[in-house]
Amino acid sequence: MTKETAHETERMVITRVFDAPRELVWRAWTDPKYVMQWWGPKGFTAPHCEIDFRVGGKFLFCMRSADGWEGWNAGEYYEIVPYEKIVSSMYFSDAQGNKVDAAAYGLEDEGGEEGRDVVLFEDLGNGQTKLTFMGNETMRSAIESGQLEGWKETLEKVAGVVAELGQAK
């Protein structure tokens, strides 16, 4: 009998507190022109972003590394509670949004076939918002694959976009 540690079974969860109202954080997360500024970890750009932001709608994102490698992700929205919660799937795709095996990108599949990502937006008062991202892979898998570090870097980029939005008000 093997004993599993919490990291082997717990879902990846990352939180970030932004010094901005919830509406700004929501806009940065859901508007394609802002998503293109933060999608992907440090050193990546996002040359393509399509979002049909409604329940049943789909999205298609591309991230590009400095050396020109491109990774595509697509997914579908299952639940949207404005300014509070987004539940969606996410999977590796081609440029047309067709699902591809993670191996096509030289990666192991971290998420389950029916896994859902959940993003929560919590108004903390005093102009602060807590964003909680719950990925569909385990924490152990996220650490081993680099997903955890990638999401931390991505959320740092989100913070930059949110700060710019706050200054534009």
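Of the residues making up segment 123-159, those that are more than 22 Å from Ser88 (Cβ to Cβ), in contact with a helix residue (DSSP H, G or I) (Cβ under 7 Å, 6 or more places away or on another chain) and at pLDDT 95 or above number 0.
In segment 28-36 there is no residue matching the filter, namely being part of a helix (DSSP H, G or I), aromatic (Phe, Trp, Tyr) and out of contact with any helix residue (DSSP H, G or I) (no Cβ under 9 Å at 6 or more places or on another chain). Across segment 76-88, not a single residue is classified as modelled with pLDDT under 95, surrounded by 15 or more Cβ atoms within 10 Å (Cβ to Cβ), part of a strand (DSSP E or B) and within 12 Å of the chain's Cα centre (by Cα). Among the residues of segment 155-169, the ones that are part of a helix (DSSP H, G or I) and either of a type in the set (Ser, Thr, Tyr) or surrounded by fewer than 16 Cβ atoms within 10 Å (Cβ to Cβ) (or both) come to 6 in all. Of the residues Ile51, Ile86, Ile80, the single one that is among the aliphatic types (A, V, I, L, M), farther than 19 Å from Met134 by Cβ and touching a strand residue (DSSP E or B) at 6+ places or on another chain (Cβ under 6 Å) is Ile51.
If you go through segment 32-46 and pick out every residue that is of a type outside the set (Ser, Thr, Tyr) and free of Cβ contacts under 8 Å to residues at least 40 places away in the same chain, you end up with 7. When restricted to residues that are assigned to a loop (DSSP other than H, G, I, E, B), more than 18 Å from Leu120 (Cβ to Cβ) and touching a residue at least 12 places away in the same chain (Cβ under 8 Å), segment 53-72 contains 5.
For every residue, the table says whether it meets (1) farther than 12 Å from Val158 by Cβ; (2) crowded, with 18+ Cβ neighbours inside 10 Å; (3) within 16 Å of the chain's Cα centre (by Cα).
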| site | (1), (2), (3) |
| --- | --- |
| Thr15 | yes, no, yes |
| Ala20 | no, yes, no |
| Val25 | no, yes, yes |
| Trp29 | no, yes, yes |
| Tyr34 | no, yes, yes |
| Cys49 | yes, yes, yes |
| Phe53 | yes, no, yes |
| Lys58 | yes, no, yes |
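Scanning segment 118-154 for residues that are aliphatic (A, V, I, L, M), assigned to a helix (DSSP H, G or I) and crowded, with 18+ Cβ neighbours inside 10 Å returns Met139, Ala142, Leu148.
For (1) touching a residue at least 24 places away in the same chain (Cβ under 8 Å); (2) of a type in the set (Gly, Ala, Ser); (3) out of contact with any strand residue (DSSP E or B) (no Cβ under 7 Å at 6 or more places or on another chain), each residue gets a yes or a no:
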position	(1), (2), (3)
Ala74	yes, yes, no
Tyr91	no, no, no
Asp94	no, no, no
Gly125	no, yes, yes
Glu144	no, no, yes
Leu148	yes, no, no
Val158	yes, no, yes
Gly166	yes, yes, yes
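The values are calculated or read from the model by the stated rules, or taken from the named source; none is laboratory data. If you're wondering where the values come from, they're calculated on a predicted model, not measured in any experiment. Glycine gets a Cβ as well: all are built from the backbone with ideal geometry, and neighbour counts include every protein chain shown.
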